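Have a look at the structure below before the remarks.
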Amino acid sequence: MKTLNALKAEMLADPATRAAYDALAPEFETARELIAARARAGLTQQEVAERMGTTQSTVARLEGGKRPPSLRTVQRYAQAVGCRAVVRIERAPV
């Protein structure tokens, strides 16, 4: 049986798969930031949801990284975990 890392490496060897995977990097980075902020705050998804006035499943979807959230949603999430959202524009790697 293959390990997850071996399977991932095998799949990412295909250029088309690698391109699709790399295209999702910003969404996954946003999701990691949301999860890290919640963990630092010591909150559950349910607690964040209550503070945002939404449901736990909505918070789970935000943290899932499948779709980029709106800036307003990120701001509400940040406020719920005792943070503030900061937008920064950086030069893309060449």
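The values are calculated or read from the model by the stated rules, or taken from the named source; none is laboratory data. Predicted, not measured: the structure shown is a model, and the values here were computed from it. Note that we place each Cβ from the backbone using ideal geometry, even for glycine, and neighbour counts take in every protein chain shown.
Residues that are at pLDDT 95 or above, over 16 Å from the mean Cα position of the chain (by Cα) and among the small types (Gly, Ala, Ser) do not occur anywhere in segment 19-38.
Write out, first by first residue and then by second, each pair whose Cβ atoms fall under 8 Å of each other, whose residues are 6+ apart or on separate chains, and whose first residue, in segment 52-64, is closer than 12 Å to GLU27 by Cα while the second is of a type in the set (S, T, N, Q) and surrounded by 15 or more Cβ atoms within 10 Å (Cβ to Cβ). Every condition considered, the pairs that remain are LEU62/THR73; GLU63/GLN45. Of the helices (runs of 4 or more DSSP H) lying entirely inside the chain, those containing at least 3 residues that are surrounded by fewer than 15 Cβ atoms within 10 Å (Cβ to Cβ) and among the small types (Gly, Ala, Ser) span 15-23, 25-41, 56-64. Out of all the residues in segment 81-88, is one or more of a type in the set (A, V, I, L, M) and without any contact (Cβ under 8 Å) to a residue 12 or more places away in the chain? Yes; the residues of segment 81-88 include at least one that is of a type in the set (A, V, I, L, M) and without any contact (Cβ under 8 Å) to a residue 12 or more places away in the chain.
Okay, residues lined up against (1) closer than 17 Å to ALA85 by Cβ; (2) in contact (Cβ under 8 Å) with a residue 40 or more places away in the chain; (3) not aliphatic (A, V, I, L, M):
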site: ALA25; (1), (2), (3): no, no, no
site: ALA31; (1), (2), (3): yes, no, no
site: ALA36; (1), (2), (3): yes, no, no
site: GLY42; (1), (2), (3): no, no, yes
site: ALA49; (1), (2), (3): no, no, no
